[in-house]
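This report refers to the structure that appears directly beneath it.
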Amino acid sequence: MTKEAGKGARPTTVRLQKISRAFIESAALNAAIDLELFTAVSAGHDTPEAIAKHAGITALNADRLMTMCAACGLLSWKDGRYENADDVERFLVAGKPSYAAAWLRFAQADWKRWGELSKHLRNTSEIRPIGDYETMTVEQARRYHEATSSIGFGAARRFVKQVDLTGRKRMMDLGGGSGAYSITAVQNFEGLSAVVFDLPPVATVTREYIEKHGESDRVGAQAGDFTKDELPKDCDVAVMASNLPQYGAEVIQQVIGRAHDALLPGGEMHLVGEMLDDDRTGPTDAAIWGLLEALANSTGTTHTRSDCVGFFENAGFEDVSVHEFIPDILVRVSGRKRE
């Protein structure tokens with residue numbers, strides 16, 4: 001239990017209050033994005049009066065919102081004007097290549113469902129391995145990947161810096177969505193081709209991203225459910241990224257085992273996902289994504305690093321190793337199939 005003062009200090013409700021009201025900080029961030037507050041501040045509209053005129057709200061409400069954003073560390077106050085925090089300036093100013101508002105607002109659509117979390121936790125109806133994802137439409141997939149791709153391509157660029165795929169010929173990208181990892185990989189490694197294997201509605205959207213990036217000759221999209229359908233053949237690399245908590249342990253073990261069997265001898269697999277530390281106390285992001293699956297009515301849950309190492313070793317992979325990918329967010333586990 002956290003102590004506010006020295007040893008033996010009497011607990012207070014301060015920490016609990018902060019957790020109970022955390023949704024208000026989220027509401028302020030989302031409202032600021034909706035009103036393009038940070039974009040306006042970056043352009044010099046850096047007072048409540050200027051924001052009020054820009055956003056079409058009263059100066060009083062602009063002052064309220066900017067005060068809250070400053071309290072959250074999103075803005076700072078200097079010489080009578082506001083400035084964006086460094087991360088806000090980089091990721092929340094519209095028009096910049098790094099603009100990530102779509103991703104940061106990704107969970108906003110589930111706002112009401114999170115408010116009814118206890119109801120979802122009490123749900124005793126039959127849960128399915130992939131839950132609500134199996135009924136996803138093309139339009140839902142398009143909206144989903146509009147948000148996730150904004151951060152996915154950044155993660156893919158990090159992947160190709162960490163993993164040398166020189167000499168590899170063909171990559172299977174399991175649940176690859178927008179194709180970010182496949183597109184980025186073929187652009188960085190000569191002679192490599194890739195196939196994104198995802199649900200039929202998603203594969204339709206994947207082809208749109210592949211065409212948009214001009215990689216239709218080297219990246220394909222194959223429709224199917226990688227938890228049960230035959231995986232792509234003649235691949236010497238397998239990647240499964242940012243979908244780990246969507247599945248339970250039994251499904252993950254099955255998929256990694258089938259990927260191992262489908263890979264060519266000497267092939268490699270990389271699992272990139274939100275993983276708990278082995279003491280199961282964090283990071284928070286991994287716990288959030290596991291809890292989200294209660295809303296999706298799936299068998300998904302959060303897995304620890306050692307769980308994932310075990311999945312690889314049980315499947316027959318050798319040289320299994322754990323790598324920091326994005327601290328406190330994503331971890332990469334890799335392994336090699338015997339020659």
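Can you find, among Met66, Leu104, His270, the residue sitting farthest towards the positive end of the charge dipole of the chain, where Lys and Arg contribute +1 and Asp and Glu -1 at Cβ? My answer, from the dipole projection, is Met66. Ranking of Ser98, Ser298 by neighbouring Cβ atoms within 10 Å, starting from the fewest: Ser98, Ser298.
Would you mind checking Lys18/Lys119; Lys169/Lys233; Lys18/Lys78 for any pair whose Cα atoms are more than 19 angstrom apart? With Cα atoms farther than 19 Å apart: Lys18/Lys119; Lys18/Lys78. By definition, a body whose alpha carbon gyration tensor gives a ≥ b ≥ c is oblate when a/c is 1.5 or more and a/b is not larger than b/c, and the range 202-339 fits this oblate description. Computed about the Cα centre, the dipole magnitude for the range 14-93 is approximately 360 debye when only Lys and Arg (+1) and Asp and Glu (-1) carry charge, each at its Cβ. Electrostatic tally near Glu134: other residues with Cβ closer than 15 Å to its Cβ, Lys and Arg +1, Asp and Glu -1, net -4. Over the range 92-187, the fraction of Cα-Cα pairs per 10 Å bin, rounded to whole percents and listed from the shortest bin up, is 13, 33, 31, 18, 5, 0.
With angles folded into 0 to 90 degrees, how steeply does helix 22-34 sit against the dominant principal axis of the chain? Use alpha carbons for both and round to 10. With both axes taken from Cα atoms, the answer is about 90 degrees.
Positive-end ranking of Ser306, Ala238, Ile210 along the dipole of the range 115-336, with charges on Cβ about the Cα centre, is headed by Ile210. Normalised by 2.2 N^0.38 Å, where N is the number of residues, the alpha-carbon radius of gyration of the chain equals 1.11. With R₀ fixed at 30 Å, the C-beta to C-beta distance from Ala22 to Glu146 puts the FRET efficiency at about 0.70. Report the normalised scattering of the range 14-93 as log10 I(q)/I(0) at q = 0.13, 0.16, 0.20, 0.22 Å⁻¹, calculated by the Debye formula with identical scatterers on the alpha carbons. Rounded to two decimals, the profile gives -0.37, -0.54, -0.82, -0.97. Considering only Val138, Gly8, Val255, the residue lying farthest towards the positive end of the dipole of the chain is Gly8, judged by Cα position with unit charges set on Cβ. Translational diffusion of the range 229-299 was estimated from the Stokes-Einstein equation, with Rh taken as the Kirkwood radius over Cα pairs; at 4 °C and 1.567 mPa s the coefficient is 96 µm²/s.
Charge dipole of the chain (Cα centre as origin; +1 on each Lys and Arg Cβ, -1 on each Asp and Glu Cβ, all else neutral): 740 debye, rounded to the nearest 20.
Taken together, the values in this text are just the output of simple stated rules run on the coordinates, not laboratory data. In this text the structure is predicted, and so the values were computed from the model without any measurement. Positions of Cβ are generated from backbone atoms using ideal geometry, with glycine treated the same way; all protein chains shown enter the neighbour counts.
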